[in-house]
Structures are given as C-alpha cells and as structure tokens.
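Reading through the structure tokens given below for one structure.
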Amino acid sequence: MHKFNSKVLASSHIRCHPFKLKPFIHCIHISVAGSYESTYHSNQLLNQLSKSGRIDDARKLFDKMPQRDEYSWNTIISGYVSLGRLVEAKELFDGFSSRSSITWSSLISGYCRHGCESEAFGLFRSMRLEGHTPSQYTLGSILRMCSARGLIQNAELIHGYVVKNGFEYNVYVVTGLVDTYAKCKHISEAEILFKRLEYDKENHVLWTAMVTGYSQNGDGHKAIEFFRYMHAEGVESNQFTFPSILTACSSISAHCFGEQVHGCIVLSGFGGNVYVQSALVDMYAKCGDFSSAKQVLETMEDDDVVSWNSLIVGCVRHKFEEEALLLFKKMHARNMKIDDYTFPSVLNSCIVGSTDAKSVHCLIIKTGFENYKLVSNALVDMYAKTGDLNCAYAVFEKMLEKDVISWTSLVTGYAQNGSHEDSVKIFCNMRIAGVRPDQVVVASILSACAELTLLEFGKQVHSDFIKSGLRSSLSVENSLVAMYAKCGCLDDADSIFVSMHVRDVITWTSLIVGYAQNGKGKESLRFYDAMVSSGTKPDFITFIGLLFACSHAGLVDDGRVYFQQMSKVYGIEPGAEHYACMIDLFGRSGKLDEAKELLNQMNVKPDATVWKALLAACRVHGNLELGERAATNLFVLEPMNAMPYVMLSNIYSAAGKWDGAAKIRKLMKSKGITKEPGCSWIEINSRVHTFISEDRGHPRAADIYSKIDEIIIRIKEAGYVPDMNFSLHDMDREGKEVGLAYHSEKLAVAFGLLASPKSAPIRIFKNLRVCGDCHSAMKYISTAFNRRIILRDSNCFHHFKEGECSCGDYW
C-alpha cells in the first residue's frame, strides 16, 4: 500500500478546520484503497494469463500496470521461465531492483529444468553474494539437475552448503541428495544419508530413490532386499516404486520375485497404471515369460508403444526373431504410432531372418524415420551383420550426423565379414573425423589388426586407448591378448593376460591358440590345464586351439585324449574343424592309416578343411593315391580354389611324375584357375616392403641380390644344403638351386638384414606356407648372422634363433 505523505499537508498555507479536513483525508484513503485494489486485480489476471501460457498478453498487462509489486514481477518472470523463454525472463530479472529469494529461486529453477548448468550455478553464487538465502526449493531444483545430468562434483558442493547451513535434516533437501547420489552411481553416500531419515515412512520419494538407485547401479539383488525392507517397515509403494523394482527384477531375471511384485501391484490398486503395466511387460519379456507379458499387454486399455517395444526387445533377446517380426506387423496393422525405439529392435530381429530387412527399411523411409540417428545406426548395424556391406555403407554415407556408434557398427561389420583392410581404413577415417573410439570399436579394430598381423598399428591403437582414459573392458583385453599372440609377441600377450582381473573362456582360448600358432604347443596344453583348474569350462573353439597345438607339436597321444574328452567330459560334439585337426595330427606324424580310418568314422560330412588337411599330409609323406582322393573331393567342393590343383601337382612333381603335374596345370588353365602367387613382406620404418620370387622391382634390388649371394655362401659354410625336393620345375640342379635362393622369404630376410637395426628381430610375413628349403635356410641364417627371425606363414609363426625353430621342425 502507498504511504500517505504528511509533509505535504504540513507545508500547506491553507489553515483548515479539523472538521473540514475529514472529507479530504477520506478522499485520499479511497484513492489509495482503489490503487491497491487495482494492483490486486491486475496481479490476479496476470497470474491467470501466465499459467494459461498467454505470456505475451500477460506482458502487455504487466507493462500497462501503473503500480507493480513484488508479486507482479515474480509472476511475469515465472511465466517466462515456465515456457522456457529464459532470455526474456533474465531481462526482466535484471530490471527488477527489489529481488527476493522467491525471484532468485524462480529463475534458477528455470535454468535447472532446461539443463543450463553454468547459468544456474552462476545465479546460485550471485544469490548468496547478494545476501539471499536459498530455500529448500532452490536447493531441490539444483539437485534435480545434478541428478539428471550426472553432475556429481556440483552435487557434492551443494551437499557441503547443505551441511554448513543447517539443511542436513531437511527431508526435502536430503531426499534430493539421496536421489542425486544414487543416480550418479555413488550409492554408498546415498545409503549414509538415507539412514538419517529412514524412519520417515511417509516419504515415498526417499524410499523409491533408494530402490531406483540400486536398480540403476546394476545391483538388482540389493534393490530387492531393500524393497523387502521397505515393506517390512510398512512403507507403501507407489507408481514410481513399482517400475523401479520391476526393472531390478528384469536385470537379474528374478522372475519369481517379479510375480510377487505383480501381486502387490494388484493389491495396491496400481494394476491399471500405464507406467506400471509397461514395466510389468518389460520384466516378463526380459525373463522370457512371453505368455504373462502378452496377458498384461492385452489388459491395457490403450495400445502403449513402449510396452509393445519391450515385448519385441524381449523376443529378440531370447532369439524369437519371427515372433518379434509378427508383433511389429501387428503394431503396424493396428495403426499404432511406431517410434524411433521400435525400429532398432525390429531391425535386430531381421539380422537372422533378413528377408524382411528391406521391407522394414522401406517403411522407415515412408514414415520419415531414416534421418533419426538411432534408426540409422540400427540400419547400418543390421546390414553389416547380414553381410550386406554395400547397403551398410550407403546408409552410413547418407547419415547427417554420425556418432561413435555409427562408426563402430561399420568398422565391426567390415571386420566380422573378413574385410579387415577396409575395417582399418574406416577406423582411420573415424579418427580423422575427430570421433573418439569407445571400447567396442577398439576391440573390433584390434581383432582386425590380429588377422592382418598389423603389429605396429595395433600398438598405436593400444597406446591411444591407454591415453584416452577409457576404462578397459574384457573384450578389449581379450582382443589385445589375441592381437599380440597372433603377431608373434607372446611376452606382450602374457603381460596383458597377467594384468587381467577377470578372464573368460575367450581369454584362455586366445592364449592357447596364440602359443600353438607360435610353435609352443606344450605351453598351450599347460594353459589349458590352468584354465580347467580355474573353473573355466572349455568350449567348441577351445578344443580347436588345443587340437591345433597337438598337431603342430606332434603330441599324438595328447590329441587323442582331448578329442575323446570333448564329448565324454564336456558334451561337445566334434565338428569338421576338430576332425580336420585330428587328421592333420595323424598326417603330420605319418599315421596316414589312422587318418584314413578317422575320416571313414566321421559323424559329420567331411568339408573342405578336412580334405585339405589330408591332402597336405599326403604332400609331406608322398602318398599319391590318398592325395588323389583328397584332391578329387576338393575339386568338387571348391572348384575354383587353386590349392588342391597346386598341391596335387607338387605331389606328382616330387614323385617325378612330370606328365601328371603337367596334366593338372593344363586342367587349371582350361578352367581359368590361377594360383595365388607367393609373396612375403616386411615392415621397416612404418613402410611395408613386398617381395615375390625372383623379384627385381625393389629400389634396392642390387643390394638385396648381393646380400643373397653373401647369405648362401655363409650358410653353406655352416652346413646348409639346398633341398631340391622343393624346386618343382623340371630343370638341372644349378637352375633349381638358383630358383630356391631367390624365394620371396629369402629376399625379405636379405632386405631385413640390410635395413633393420642389428639388435632388432626381423619380422617377415608370407601369404602361403613357407617351403621346407626356406625353413632350413632361416635356421642357418639366424646362426650365421646372429639374428632373431620371426616368420609367419599362412599357418603359424616360426621363431628362428641360434639355429633352431620354435616349431621343432614339426610344421
């Protein structure tokens, strides 16, 4: 109310009689009362306009008001805040000189609701500097923002202010702190705060915050335990508590307890709440109880897209892809509003039954969802996993916004489909685009490096991952073990293995296979024993690695034992790969009769891998008759593969049957089959140098051939004798010897001796198996030049040192 100015009357020259003054004073009172009444009514109208969203009309009224009080200013500022028009709200705020705590809180809460953390905290500091005390509602708004955005450090600062200013027993504020700590994965701090207020049985928000916190922190068991405690204390659950505890049940597949919660929901009268019903559908679907999930879905008054999505996701997770697609078709038939969460789940079901993939893609385009990042990522992932890399790349290229998931789907897709080089190129483009890799893409690219034996690039990826500060994962560590092992760096693979806190069957298998490929079969068996002792059960792949180790180390008796253990101890039926390893084991050790007997006893139809193993054994031991049988089967199974033709031709040549060899080569030519040329490569100073037999295209060819001459002289002095059995051309001895001297792996090692530091190992890679003569020569070179040579061929690693090879000449 306006104050009456008595000084004006005192200064008047009019001398009035007291009775004559009364009417004048009465008029003034009427004027003041009218002004107050006018402001009151204007404020009421201002409030109605603001709350109804007519903020522009409210502003016009506000600007025309002759008198504005604190309520007027707070109402108009609050109106702008509620509509998210924070710039205009701040302008009014700055123009109001008599700001109260309510004014400050109104603007702060607006910034908090819209996630403007820097502005909200800036105002909070200014509010205190100007001497205003934040209310419980101000603190509550800030804590809700911290909870939603995971601002744990800011929440801890607010917690400090709460303690210093006597709010630590304020139920409203402490509930906000509990909720924030729980959602920011600091559940222990939430527990401490909760214990101070645990006897407040009416505070459903506080109890629900704890249940939700345990659930969101992945501790479903603790959430269930706390829910039981909550009911024992007589605290009633509500429409927010039930979805949280049902989510906890879903996370640990606690189907029985979920059913009990369902009973509580019915008794509590929340059975018709759409959020509770949706959580029930999700829980039953994730637990694999699709009958109950459908029953809940059918009782819902309206079709809820979230509930349908949950059921589709559950079907996909439990491998009921056809059922998921059927549900999606029903959704479409019922004209439900399909959203951007529906399509990714449906596309996951198309990965197995890919016939519907293109149809779903067409619907995505028709409904305008193709530009939704979540949907586009799912499309890229679906096409990549079904092997349609062209479509995957086309969708990826059209994406307006690409995130790490988009890139990861593409990189992983190419790697899993064997296009490892393209996978590496895409990963490099991802880094150029400034996208930081996550654990998933790092694991994929390390696997690609392992397959391509890109040791230096793999080391760079490993180094960048450490520098990124990302927490390591089991998949990354497994990929590192496999990458270092497959690149011949067993010491590095061991270091990663030892540092791992958690190991699974993939970890152990990677090491078993890695040691086997590096010619250390006996060490592979020791790792297998350690794996079994640790309680880890071997799987299908483990036994492939184990039998591979036995075949490459000549451990025939051990191989027989492990082959029998597969089915008798672990219930794993041998596949074609296991039979191939056993035939290879018998073949390498010269037991071709046993190999033939096992071939005839196979429970599965022999595939190309089995016949290749047998053919290779026949090549080593010169068994022409059995070799012809193996090659004939391969001609049918893989008619355009040059390997059986070349191998059979070599068997003929080694037996001196040059006509037979010529006949096979003529057959190859008539069918248009070409042999993959043997090549070797070596990496020096981040540059790859490639060689083929008798190659003179290298810039340092003259130096290389000069070094070859030196090598041959020195190793002959040490006792090397060229093995003419591996010169498969019909020519004189001198010509054969020259041909052997210029094999690609010998050219590569000559360049390695010229270009690499004397203390560094020489690492050579070959696309085919190393020939017997080159294998023998490498042993002599390692002694004559005192160098460690690591040669990886198409089958395994050979570590040459001081005249010996890690394979023990059993390759």
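The values are calculated or read from the model by the stated rules, or taken from the named source; none is laboratory data. The structure displayed is predicted, hence computed values, not measured ones. When we count neighbours, we look across all protein chains shown, and the Cβ atoms used for this are built from the backbone with ideal geometry, even at glycine. Side chains are part of the model used for accessible areas, which takes the heavy atoms of the whole protein and leaves out ligands, DNA and RNA. Shrake-Rupley method; radii C 1.70, N 1.55, O 1.52, S 1.80 Å.
Remark: S551 matches the filter, which requires a residue to be part of a helix (DSSP H, G or I), open to solvent by less than 30 Å² (accessible area, probe 1.4 Å) and either of a type outside the set (A, V, I, L, M, F, W, C) or closer than 20 Å to I506 by Cα (or both). Please determine whether any residue of the range 616-626 is in contact with a Cys (Cβ under 9 Å, 6 or more places away or on another chain) and closer than 26 Å to V513 by Cα. Looking for residues that are in contact with a Cys (Cβ under 9 Å, 6 or more places away or on another chain) and closer than 26 Å to V513 by Cα, one finds none in the range 616-626, hence no. Of everything listed in (1) modelled with pLDDT of 85 or more; (2) surrounded by fewer than 19 Cβ atoms within 10 Å (Cβ to Cβ), the single unmet condition for A89 is (2). Of the helices (runs of 4 or more DSSP H) lying entirely inside the range 29-118, those carrying at least 1 residues that are of a type in the set (D, E, K, R) and more than 26 Å from Y137 (Cα to Cα) are 55-64.
Name the residue, out of G110, G131, G122, G84, that is surrounded by fewer than 13 Cβ atoms within 10 Å (Cβ to Cβ) and over 17 Å from N165 (Cβ atoms).
Residue meeting the stated conditions: G84.
Among the candidates A608, A617, single out the residue that is under 22 Å from N641 (Cβ atoms), modelled with pLDDT under 90, open to solvent by less than 20 Å² (accessible area, probe 1.4 Å) and under 43 Å from the mean Cα position of the chain (by Cα). Only one candidate passes the filter, namely A617. When the test is whether a residue is touching a helix residue (DSSP H, G or I) at 6+ places or on another chain (Cβ under 7 Å), open to solvent by 10 Å² or more (accessible area, probe 1.4 Å), aliphatic (A, V, I, L, M) and more than 18 Å from A450 (Cα to Cα), V498 does not pass it.
The set of residues in the range 231-249 that are within 17 Å of S292 (Cβ to Cβ) and open to solvent by 10 Å² or more (accessible area, probe 1.4 Å) comprises P243, T247.
For the structure I just gave you, tell me whether Q153 is among the polar types (S, T, N, Q), under 27 Å from S244 (Cβ atoms) and out of contact with any helix residue (DSSP H, G or I) (no Cβ under 8 Å at 6 or more places or on another chain). It is true that Q153 is among the polar types (S, T, N, Q), under 27 Å from S244 (Cβ atoms) and out of contact with any helix residue (DSSP H, G or I) (no Cβ under 8 Å at 6 or more places or on another chain). Among the residues of the range 322-340, the one identified as touching a Leu at 6+ places or on another chain (Cβ under 8 Å) and at pLDDT 85 or above is L327. Taking the range 149-186 as the range and being assigned to a helix (DSSP H, G or I) and under 19 Å from S118 (Cα atoms) as the test, the residues that pass are R149, I152, Q153, N154, A155, E156, L157, I158, H159, G160, Y161, T180.
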